[in-house]
Amino acid sequence: MSGVLLAALVALPLVAGALLCLVAVGTAGVLRAAPWLAVGTAALTAAAAVAASAAATRPMLSWAFLPTVPGGEVRLLVDDLSGPVLVTVTVVALLVLLAAALDGEHRPTRFWGLMLLFLGSVTLTVTAATLPGLLLGWEIMGATSYALIGLRWRDPERVRGGQTAFLTTRAADLGLYLTGGAALAGGSGWSLERLPDATGPWVHLAAAGVLVAALGKAAQLPFSGWLSGAMQGPSPVSALLHSAAMVAMGGYLLLRTSPLLAATGWAGPAAAWAGALTTVALGAVAVAQTDLKQLLAASTAAQLGFVVLAAGLSATTAGTDQLIAHAATKAALFLAAGAWLTALGSKRLAVLRGAARRFPLLGGLATIGLLALAGAPPLALWASKGAVLAAAREDSTALWAVGLVGAALSAAYASTALRVLWSQAAPEPGGDEDPGTGTVPRALLLPIGVLGLGAVGLGALAVDDAGPGELVLGGILALGVLAVVLRRPAPAPSWAVHWLGLPRAGELLGAGTVRLADWSGRGDDALQHGVLGGVAGVRGLARGVAALDDAGVAGAVDRVAADTTRAAAGSTRLDDAGPGAAVRAVTRGARGLGVLARRPQTGLTHQYYVQVAVVLAAALLLVLVVR
Amino acid sequence: MLDLVVFVPLVAAVLLAAVDVGDRAARGTWVAVTVLDLALLVGMAVAYRTPAPGALAYERRLEWIPSVGVGYHVGVDGLSLPLLLLTGVVFAGCAVYSLREQHRPRAQAALFLFLQTACLGVFAAQDLVLFFVFFDLTIVGMYFSLAGWGHGDHRRSALQFFLYTFLGSLALLVGFIGLYLAADPHTFDIPELIAAAPLQGSPVAGALVLGAVLLGLAIKTPVVPFHTWLPPAHTDAPAVGSAVLAAVMLKLGTYGFVRIAMPMLPDAWRAWAWVLVGVGIVSVLWGALVAMAQRDLKRMIAYTSVNHMGYVVLAVGAAGLVSGSDAVARGVAVTGAVTQMVSHGLITGALFLLAGVLHDRRDSYDLGSFGGLAAPAPRFAALLVVGAFASLGLPGFSGFVAEFQVLTGSIGATSWAVAAVPGILLTAALLLRAVQQLLTGPTRGLSVGFQDLRATETLPVAGLLLLALVVGVVPATLLGWITPAATSVVELVGR
């Protein structure tokens, strides 16, 4: 029974998504029922997720994949860690798809199919207990995210955003291939829970691979740049991919493999510091943004920094709490940003001035989300951040202090957004992306509202894990920063406007690779010409030798036939004609080659074939005889 | 059964060449015969039971030229069965794809049926001379396909292809003769030579013979720096010619590694293993980099073949690094290498058929001349995207099953194999660039008014990619055939 649930959880969205994509290609138009088919599938998936995580026995399912290696199968498992994350992801996906179905925009059938494929790859990633299963979900997730970010493929800029996202995360994914090799060499097999058993230096390589792959997906330093370009995607895509699912999966992988990180001694602290530094650096980036989705994107990386920090400290529960609380909060905020984008035709903050006043219900929900993001008590992220910081303080004061700065910055960027949304200043005219519709569909408030409830209530999960000290300190910090920034805008650090130059660095790296490729291409052309020249040279030489041979043999026959005086004259002539003929023959051969190169189809090929075959047969015979 | 599978296409080819049945009937016959042959192959696969190590299924042995130890000896094991099936699938796909061929369809059908027998024969052969005869016949067949149905500077490319690969086959023959002479009693029989491993303990002769064999196989595979015949041959070949050349004929080279070179010359193989690892890594990286520089879709796919075959060479090389490495890891590497042969055949075959559509419609493969093709040709776009992602090794497709095993197994054997890992990223980058240039953005240039895929074009491409998907999701059946054979190859190399 539990196996059936798991199979449904993974197969339902994957199969339905693939079918919708097929329909999209076949009809090349819009299937009217597609949104509701997608929402229905997501609802069933969410129901299966709830049932699976509530099941008394741990649901497990596996199928043979790479059978020679222990752990080579695809094994899926719902346990204490994957259960809550699974429920979060599927419920957020359901609400996001519902919002997309209600927001009144016309979306191609492909969108719905790809969203379901994406959802299936995420459930696969969350439940995977072996490396092959993980990679299966992990990279399909990346590929569908490419197609979703570049959904509007007529605009090259958007497609490039998808490309950057895919290539950056895939570059990091190479780490998992290294992990696979290290696990094989170290004799641990490919079960995720057995990876710490790898011997000798291999356990370090395995951990490094996992760490790199996870940091890439989670948009942590130094990989954060791709998240900026990913904002080219439609808002529902951002609401799912960049809140609960894809980015969060990076943090989740580290939570899942924290025993491996701990086994090395260095990978845990490395992850913790990468996370902590990201909370600060990307927090600063968020403060400096002038575009609501860019601000939210940077804050995603920063908030996930706390998950990564927790995973590095093996504080799995705190990390999970943070992941779940952030998922609900950020999905609501991206959906709100998307609603404003549709209504006002822009996501620039200057256009959004006073938007909360114009759309008070949506504004109210967004305010709840932003207050949660700021870490204001008693909202969910306040409690979960408190739990993470409590774990950090036990480990190292420096880490704790950096985390506190990150927490303060999250209050700063949240209040920057709040300030704009409630501003009384006149907004700039919008419509720079789409012509604004001027309205927000009322039905849209339902899914955003449910997510907002999550942003409020999910803190109940985490409150027990956070020490009272962290909770009080975090609450005061958040409220203090809110109070200050709402009065006076936070200074926008100019070095952080362009995402610390990370996207530019990625571009340069890409351009460098292309230059290297062009250089290699020229090298290969030269090699090709060299080989062609070599072939031509050999053939010219062969002709020359053949001509010389003819002349020599002919001369010999002459000599035998003629008398001695004529032989003397003949040899004089030969002396003259031999080298001369050879030189002429070589010249003629080279000239003939030019003609031949254009018109080689003169039957000479067959002659050549026959000649070679004869020589070969002779050689064979010779060898046999000699032997 | 196996004789039937191998020679049915040849019989049909002779009949088609002799009897003027008309163009329609010729095309129909071609499809019918390839489908029949494929059905026979599937029947064989269903009834196949893994034979004992060293033994063969569907074996037949007849005397041919007993005085020099040459026999007609055919048989199937886990290395050849997947490749026989691949051959059947690819040729059937090509037959369907050519249902609209206007240029001398009867002659083309006869030629490709002849070529099919030659390719099947190589994989079935258990005698070196038989192997060599079929091997050379494939070269002759492909030469005529290029020269007769190619475009561009095809005659020159055909000649270059012929001379270069023929030279390679000569080197191969020299190696075979060396093996024959070294064996006591003299024989060309493959299982006997494997059992005898004639040049064990004579390092110089072993190295020389292996060198000759390797040169021949390296040209055919092809590996850097012997790959230069491949891009022009592909660029000027007809779509079905390219598909067969890439999907089946490149495998003749890699198949030779696991069938002949590794098990017959284990000492020499271990001595040469580092060279192969190096050449494999260079092929992976160089093939991908040069592919990225191409502006012509077909040349680009051709260079990705160099990259993909590089993984195979890396894996079989790593399998020779016996000391200080784990037999399981080496087994995984070789299993991955054989999987890669099948996977590359399916995926690259599909990609070349798609590229052929560009030429059919617009006489051009130039990436820069197209743009926004997804609007007029959504089916073409969808299949190309799926093919590209399959080719870049996305999990869920066969390429991942192959490359993950090759890379992890090779890293398990030597940490130097880590150097090949960036190849995966380079392929992803170059395929995405090409797909984007062709399909996305505003519809412009040659894309305007582009006619989408017809049913005869969709069916074979979709079929090949569907098989790549099936292998990618449930590889157990395929790996169940390959793994025992790969394990036995690893054992033979290690003796």
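Data for the structure
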item	result
Qualifying residue in the range A:10-24 (condition: modelled with pLDDT under 90 and buried (at least 21 other Cβ atoms within 10 Å of the Cβ))	yes
Counted residues, the range B:201-228 - those being buried (at least 23 other Cβ atoms within 10 Å of the Cβ) and more than 14 Å from every other protein chain (Cβ to nearest Cβ)	7
Failed item in (1) surrounded by fewer than 24 Cβ atoms within 10 Å (Cβ to Cβ); (2) of a type in the set (Val, Ile, Thr); (3) within 13 Å of the chain's Cα centre (by Cα), with B:VAL244 passing the rest	(1)
Failed item, numbered, when A:ARG487 is tested on (1) away from chain B (no Cβ under 14 Å); (2) over 30 Å from A:PRO378 (Cα atoms); (3) of a type outside the set (A, V, I, L, M); (4) exposed (fewer than 12 other Cβ atoms within 10 Å of the Cβ)	(2)
Residues of the range B:391-402 classified as in a helix (DSSP H, G or I) and more than 8 Å from every other protein chain (Cβ to nearest Cβ), total	4
Residues of the range B:160-189 that turn out to be within 11 Å of chain A (Cβ to nearest Cβ), out of contact with any Phe, Trp or Tyr (no Cβ under 8 Å at 6 or more places or on another chain) and within 23 Å of B:LEU146 (Cβ to Cβ), as a count	2
Verdict on B:ALA419 being of a type outside the set (Lys, Arg), crowded, with 20+ Cβ neighbours inside 10 Å and within 20 Å of B:MET309 (Cα to Cα)	no
Test: residue in the range A:150-160 that is crowded, with 21+ Cβ neighbours inside 10 Å, at the interface with chain B (Cβ under 9 Å from one of its Cβ atoms) and among the β-branched types (Val, Ile, Thr)	yes
Residues (without any contact (Cβ under 8 Å) to a residue 40 or more places away in the chain and charged (D, E, K, R)) located in the range B:173-231	B:ASP184, B:GLU192
Helices (runs of 4 or more DSSP H) within the range A:251-353 that include 2 or more residues closer than 26 Å to A:VAL212 by Cβ and either modelled with pLDDT of 95 or more or β-branched (Val, Ile, Thr) (or both)	A:267-288, A:292-312, A:316-344
Enumeration of residues in the range A:252-279 that are closer than 15 Å to A:ASP395 by Cβ and among the small types (Gly, Ala, Ser)	A:SER258, A:ALA262, A:GLY265, A:ALA267, A:GLY268, A:ALA270, A:ALA271, A:ALA272, A:ALA274, A:GLY275, A:ALA276
Identity of the residue in the range B:62-101, of a type in the set (D, E, K, R) and under 14 Å from B:THR29 (Cα atoms), that ends up modelled with the highest pLDDT	B:ARG100
Failed item in (1) hydrophobic (A, V, I, L, M, F, W, C); (2) more than 14 Å from B:GLN436 (Cα to Cα); (3) more than 10 Å from chain B (Cβ to nearest Cβ), with A:LEU174 passing the rest	(3)
Any hit, the range A:246-257, residues being within 27 Å of A:VAL91 (Cα to Cα) and either surrounded by fewer than 24 Cβ atoms within 10 Å (Cβ to Cβ) or within 14 Å of chain B (Cβ to nearest Cβ) (or both)	no
Residues of the range A:46-70 classified as more than 7 Å from chain B (Cβ to nearest Cβ) and assigned to a loop (DSSP other than H, G, I, E, B), total	6
Residue that is surrounded by the fewest Cβ atoms within 10 Å (Cβ to Cβ) [pool: residues in the range A:454-480 that are over 20 Å from A:LEU333 (Cα atoms) and of a type in the set (Val, Ile, Thr)]	A:ILE476
Conditions (1) at the interface with chain A (Cβ under 10 Å from one of its Cβ atoms); (2) in contact with a Pro (Cβ under 7 Å, 6 or more places away or on another chain): number failed by B:THR477	(2)
Single condition B:PHE380 does not satisfy, out of (1) within 12 Å of another protein chain (Cβ to nearest Cβ); (2) assigned to a helix (DSSP H, G or I); (3) under 30 Å from A:GLY71 (Cα atoms)	(3)
Condition met for B:ALA95 (buried (at least 23 other Cβ atoms within 10 Å of the Cβ) and under 25 Å from B:ALA455 (Cβ atoms))	yes
Unmet criterion (only one of (1) among the β-branched types (Val, Ile, Thr); (2) without any contact (Cβ under 8 Å) to a residue 60 or more places away in the chain; (3) within 26 Å of A:ALA336 (Cα to Cα)) for A:THR88	(2)
Hey, B:LEU407 within 10 Å of chain A (Cβ to nearest Cβ) and of a type outside the set (Lys, Arg) or not	yes
Checklist (1) surrounded by fewer than 23 Cβ atoms within 10 Å (Cβ to Cβ); (2) more than 7 Å from every other protein chain (Cβ to nearest Cβ) applied to B:ILE482, failing item	(1)
Residue in the range B:444-457 that is facing another protein chain (nearest Cβ under 9 Å) and not charged (D, E, K, R) present	no
Unique match (being away from chain A (no Cβ under 14 Å), surrounded by fewer than 24 Cβ atoms within 10 Å (Cβ to Cβ), in a helix (DSSP H, G or I) and on the phi < 0 side of the Ramachandran plot) among B:HIS308, B:HIS359	B:HIS359
Residues satisfying the stated conditions in the range B:150-159, i.e. more than 24 Å from B:ALA218 (Cβ to Cβ) and either facing another protein chain (nearest Cβ under 8 Å) or more than 25 Å from the chain's Cα centre (by Cα) (or both)	B:ARG155
Qualifying positions in the range A:71-108 - in a loop (DSSP other than H, G, I, E, B) and either within 14 Å of another protein chain (Cβ to nearest Cβ) or closer than 24 Å to A:ALA49 by Cβ (or both)	A:GLY71, A:GLY72, A:GLU73, A:VAL78, A:ASP79, A:ASP80, A:LEU81, A:PRO108
Among the residues listed as A:GLY3, A:GLY17, A:GLY40, the single one being within 25 Å of the chain's Cα centre (by Cα), part of a helix (DSSP H, G or I) and away from chain B (no Cβ under 11 Å)	A:GLY17
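Here's the yes/no breakdown for (1) surrounded by fewer than 24 Cβ atoms within 10 Å (Cβ to Cβ); (2) touching a residue at least 60 places away in the same chain (Cβ under 8 Å); (3) acidic (Asp, Glu):
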| site | (1), (2), (3) |
| --- | --- |
| A:THR164 | yes, yes, no |
| A:THR179 | no, no, no |
| A:ASP197 | yes, no, yes |
| A:GLY200 | yes, no, no |
| A:LEU205 | yes, no, no |
| A:VAL210 | no, no, no |
| A:LEU227 | no, yes, no |
| A:GLY233 | no, yes, no |
| A:ALA276 | no, yes, no |
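The values are calculated or read from the model by the stated rules, or taken from the named source; none is laboratory data. Keep in mind that this is a model prediction, so the values were computed, not measured. As a convention, Cβ positions derive from the backbone with ideal geometry for all residues, glycine included, and neighbour counts pool all protein chains shown.
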